[in-house]
Amino acid sequence: MSRFGATEMGRPVETYLQYGKWKNDPNPQKCDMVIGVYRNNEGNVCDLDVVKLAEKQIANDDSLNHEYLPITGLPAFTKSSCELVLGRDSPAFIEDRYGGCQGVGGSGSLFIGLAFLRQIAKYDIAYVSKPTWEDHIGLCEKLGYSEVREYTYWDPEKKAINFTAFLDALKNAPENAVILLHAIAHNPTGMDPSHDQWKEIATVMKERKLFPFFDLAYQGFATGDLESDAWAPRYFVQEGFECFIAQTFSKNLGLYGERVGNLCYVVNDASVLSRMESQIKLIVRQTYSNPPSHGARIVATVLNNPALLTQWKQHVETMCDRIKSMRVGLFNKLKELGTPGTWTHITAQNGMFSFTGLNPSQVEELEKKYHIYMLKSGRMNMSGLNTKNLDYVAKSIHEVVSKEQ
């Protein structure tokens, strides 16, 4: 008898459950539209050339070793990461009113920030978009927020943002609630507020004294431009907000397995930074002690080398353009086939994901009959499409949707 005999089975993580099904499927036509990694036109996850060049520089630097990093991470990494999201002309950057803490990927950066807000700042209510990335809810619950509320984000009928409901939720939120916001390339819908809508969101949040926590997982994947994709958090900082921003380089540098993230925090009084850092250090120390070094060194090398930075920006633009071309390609194929329904939302969305509008039964049939895997919500990773499988996926969707008409 084990003392753990009463342990219940935890719910499966849908993304990895579906990904595992795809991986073990022997069918040669199988398509992975599940896991959030960028694939090239050959369907492969590949190292960017700029990453290989950075790794060569690191390998040839005899001054480097495997010593522990500081608790808050590699300083060259955290500073350049914060600069990337804030911009050099940011008042917070110029006035040195920001701090950074290296996290274990975007999830780890969210964890550090949410833990600080709950345990140290004593914030008790968090809001997440409906729908959202599932870990937003899970992290808040595990960290002891008394309430995790949802703000309506998506209109399934119009296949667009329900902006009125979004604002109404913010207007009715209690002061000091933490509002988790997708800075760009909303996961799972792929639909982002316009600049004017962001301004309205900021106005309401300022009036209600709400705290913005941006999740910036896909910088560069929405427009192909790193600067443009940081517009929302930069605007909030310019408007005088204190805020947290969780960054990850898993997607835009392809460093999935290195788990390289950063928590950038902006304050209005620089004198509090040392106290905040001291508490953040304790959270890190009592969780995983110190972050890993290799991925952070890669990012720091790229961000602090003008030639490598330029090359990386070109990589990001190329990846973004390929995803956009697949959006247009899928829309055109469905239009040519006369697939029932409207599909303009596919090209109106941006970033890695599309909220296709397919229902769970349609998703299940695509999996079982056509070996096309996605989440039951109908969320599709658009980079899973390529010139070799585009026709097959479009025809499969057409057949499944037409069947229910």
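The values are calculated or read from the model by the stated rules, or taken from the named source; none is laboratory data. What you see is a predicted model, and the numbers here were worked out from it, not measured in a lab. Virtual Cβ from ideal backbone geometry, glycine too; neighbours counted across all protein chains shown. Note: accessible area is taken over every heavy atom of the protein model, side chains too, but ligands, DNA and RNA are not part of it. Shrake-Rupley method; radii C 1.70, N 1.55, O 1.52, S 1.80 Å.
D135 sits with roughly 60 Å² accessible to a 1.4 Å probe, with DNA, RNA and ligands left out of the calculation. Altogether, the Stokes-Einstein calculation at 4 °C and 1.567 mPa s, with the Kirkwood radius of segment 5-145 over Cα pairs as Rh, returns a diffusion coefficient of 66 µm²/s.
How would E365, E277, E175 rank on accessible area, largest to smallest, probe 1.4 Å?
Details: E365 35, E277 65, E175 100 Å².
So, going from the largest accessible area down, we get E175, E277, E365.
Element breakdown for the chain at a 1.4 angstrom probe: carbon and sulfur atoms account for 50% of the accessible area.
Rounded to a whole number, what is D in µm²/s for segment 76-175 from Stokes-Einstein with the Kirkwood radius over alpha-carbon pairs (37 °C, 0.692 mPa s)? Mind dumping the intermediate values first?
Numbers: Rh = 15.7 Å.
The calculation lands on 209 µm²/s.
For segment 96-245, the Kirkwood hydrodynamic radius comes to 15.6 Å, computed from all pairs of different C-alpha atoms. Based on the Kirkwood approach, the hydrodynamic radius assigned to segment 318-405 is 12.9 Å, with every pair of different Cα atoms included. Sorted from greatest to least, the principal axis extents spanned by the alpha carbons of segment 230-304 come out as 35, 32, 20 Å. Rounded to the nearest 20, the size of the Cβ-charge dipole of segment 228-380 about its Cα centre is 340 debye, with Lys and Arg at +1 and Asp and Glu at -1. Accessible area ranking (1.4 Å probe, heavy atoms, ligands and nucleic acids excluded), largest first, for I120, I94: I94, I120. Computed on protein heavy atoms with a 1.4 Å probe, the accessible areas place S289, S271, S81 in the order S271, S289, S81, largest first. Rolling a 1.4 Å probe across all protein chains gives W231 an accessible area of roughly 70 Å².
Of all alpha-carbon pairs in segment 70-133, indicate the percentage at a distance above 14 angstrom. Every Cα pair in segment 70-133 considered, those over 14 Å come to 68 percent.
A P(r) calculated from all alpha carbon pairs of segment 175-267, with 10 Å bins opening at zero, reads 16, 51, 28, 5, 0 percent. A Cα-only calculation for the chain places Rg and Dmax at 21.5, 66 Å.
Per residue, the solvent-accessible area of the chain (1.4 Å probe, heavy atoms of protein chains only, all protein chains present) comes to 45 Å². So if R0 is 41 Å, what FRET efficiency would L64 and E399 give, r being the distance between their Cβ atoms, rounded to the nearest 0.05? Efficiency at R0 = 41 Å is approximately 0.15. Accessible area of R39 (1.4 Å probe, protein heavy atoms only, ligands and nucleic acids ignored): about 20 Å².
If a/c stays under 1.5 just call it rounded; otherwise compare a/b with b/c (prolate if a/b is bigger, oblate if not). Do that for segment 244-353, with a ≥ b ≥ c from the square roots of the Cα gyration tensor eigenvalues. Note, shape of segment 244-353 comes out prolate.
What the Kirkwood sum gives for segment 294-343 is a hydrodynamic radius of 13.5 Å, with every pair of different alpha carbons counted. From the alpha carbon centroid of segment 214-246 to that of segment 282-358 is 15 Å.
Based on DSSP H assignment, which helices of the chain show an axial Cα extent of at least 24 Å together with a mean Kyte-Doolittle hydropathy greater than or equal to -0.5?
Details: long enough: 306-337 (47 Å, -0.35).
Span-like helices here: 306-337.
How many angstrom lie between the Cα centre of segment 1-43 and the Cα centre of segment 110-185? Going from one Cα centre to the other spans 26 Å.
Where both residues lie in the chain, what percent of DSSP beta bridges are antiparallel, nearest 5?
On the way: 18 of 37 bridges.
For the chain, the DSSP antiparallel bridge percentage is about 50.
Placing +1 on the Cβ of each Lys and Arg and -1 on the Cβ of each Asp and Glu in segment 1-146, which of G73, I137, V51 has its Cα farthest towards the positive end of the resulting dipole? Farthest along the dipole direction, towards plus: I137. The fraction of Cα-Cα pairs per 10 angstrom bin, counted from 0 for segment 12-83, comes to 14, 28, 24, 27, 8 percent, rounded to whole percents.
Model label sites at N41 and R11, defined 7 Å from Cα along the beta-carbon direction, differ in position by 4.0 nm.
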